[in-house]
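Peer 1: Please see the structure below; I have some questions.
The values are calculated or read from the model by the stated rules, or taken from the named source; none is laboratory data. Note that the structure is a prediction, hence the values are computed from the model and not measured. FYI the Cβ positions are ideal-geometry reconstructions off the backbone, even for glycines, and counts take in every protein chain you see. Side chains included, ligands, DNA and RNA excluded: accessible areas come from the protein's heavy atoms. Shrake-Rupley method; radii C 1.70, N 1.55, O 1.52, S 1.80 Å.
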Amino acid sequence: MGSRKGGAVASGRTAGQARWGLRTAAVLVLALLIQAGWVIRPAWACGCGAMVPADQATLRVGEETSAVSWDGVTERIIMRLSVSGDAAEAAWIMPVPSRATLDLGDAQLFDRLERIVEPVEKTRNYFWPRDGDWPFTGGGGDGDSSRSGSGAAPGAPPVDVLASGTLGPFEFAQLAATDPNALAAWLGDNGFRMPDGMAESLRPYVEQRWEYVAVRLTPAAAGERDAARGPGHKQTLGGELDPLQLTFASDRLVYPMRLSQRATSGQTLNLFVFAPHRVEAVADIGGGGKTELLYAGRPDPEHVGWPGTPGSASYLTAMTRPLPKPSTITADFEFRAAPSDKGFQRVDYTDELLTVGGVPVWLVVVFGPLLALGVGLVVWARRKHERRMAAYPPPPPLRPL
């Protein structure tokens, strides 16, 4: 009886272990299927508009850098995207408040702007010795270094193609729409595959009667680079894409960001804003992170080298903004004049021990009084001795007999 009971228990354990193994295997298979689904799912990558890759491809915008100029009437945006992934083609959709002119941007502009806003080098002195200074190392040291729109008229078709053409490696179409769903459908029918929910993100722009610039991006600019890697190498979009410039009429300084809420990965936005005065954001747009000021001032126009920038838009405000949670973006960036035109420049300091004639000041301050006291004591003792000698002169020498 005992052996049969033990056999039943063992048999029950074996069956339970088998069921547990089957459940574990099922969970693992399900996890693998889910993971595979994520692998083949296109990754949506957004700039200030919306960028989408071809089917079954991934594209990530790691950094977006734009120069914006606004003189109170006309706004210009030159945008450069740094992307990565395996997409050979992608589409970029940019809403604008009025009819836009599209051109290729100056690829060297951002290099010049980055030199203008980079921190200046300055030296600051510290009094007390630090690690690396005498007497903590037994010798001298170098110190520490701390470094509103013109859109479609009533009665117009749901989607109207206003213009189309090619621009360098890009194909573009300028659109107007009265229905966000029709706009999203048109984009899908013409090769601009949109992520789910894009129609809702487009709705505020349609309601404000904005227009849209749709651009197909191809890796033509990377063709020579990929060809050098060997025959048959797949050409993909990667690195810094050629900058695009949009010019349009606007009565307010706005940088479209709402479509970026469809991005699936975080990114960094760098903005160089030229306006009549220093600017600040009207409200926070969401997306996580905090805007950091990089520079504020009126740089030399020759150093900027942006042809056609009006003199009235000569004040540069440079900023950077991480967007780790793009799904929480709720609005476009809109700017207004700051309370003052106070300038700002970042500074990288090199700390050095304060010296006079090569002698650390702290040595003079600490040991100087002791040295002065010692000298004073020597002088006092000498004078006291002289006064004593004067009061009690030595007897005259004895004359010989």
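Peer 1: Non-local amide H neighbours of MET257 (under 5 Å, H modeled in plane, Pro and chain starts lacking H): which ones?
Peer 2: ASP332, PHE333
Peer 1: Ignoring ligands, DNA and RNA, what percent of the 1.4 Å accessible area of the range 311-398 is carbon and sulfur?
Peer 2: 68 percent
Peer 1: Also: Rounded to whole Hz and in sequence order, give me ³J(HN,Hα) for the range 373-382 from the Karplus expression 6.51 cos²θ - 1.76 cosθ + 1.60, θ = phi - 60°, writing x for Gly and Pro.
Peer 2: 5, x, 5, x, 5, 5, 5, 4, 5, 5
Peer 1: Residue by residue, what Karplus-based ³J(HN,Hα) values in Hz, rounded to whole numbers, does the range 358-367 have, using 6.51, -1.76 and 1.60 with θ = phi - 60° and x for Gly and Pro?
Peer 2: In residue order, the calculated couplings are x, 9, x, 5, 5, 5, 5, 5, 7, 9 Hz.
Peer 1: Here is a further query. List the residues whose amide H sits under 5 Å from the amide H of TYR295, counting only those 5 or more places along or on another chain, with H placed 1.01 Å from N in the peptide plane.
Peer 2: ALA318
Peer 1: For a Förster distance of 25 Å, can you work out the FRET efficiency between the beta-carbons of LYS325 and LEU162, rounded to the nearest 0.05?
Peer 2: E(calc), rounded to 0.05, equals 0.15.
Peer 1: Got a sec to turn the phi values of the range 298-307 into Karplus ³J(HN,Hα) couplings, 6.51 cos²θ - 1.76 cosθ + 1.60 with θ = phi - 60°, whole Hz, x for Gly and Pro?
Peer 2: Per-residue couplings from phi come out as 10, x, 4, x, 5, 6, 6, x, 9, x Hz.
Peer 1: Continuing with this model, one more query. Amide H neighbours of LEU162 under 5 Å, counting only residues 5+ apart in sequence or on other chains, H built in-plane at 1.01 Å?
Peer 2: Amide H to amide H, under 5 Å and 5 or more residues apart or across chains, LEU162 pairs with GLN174, LEU175, ALA176.
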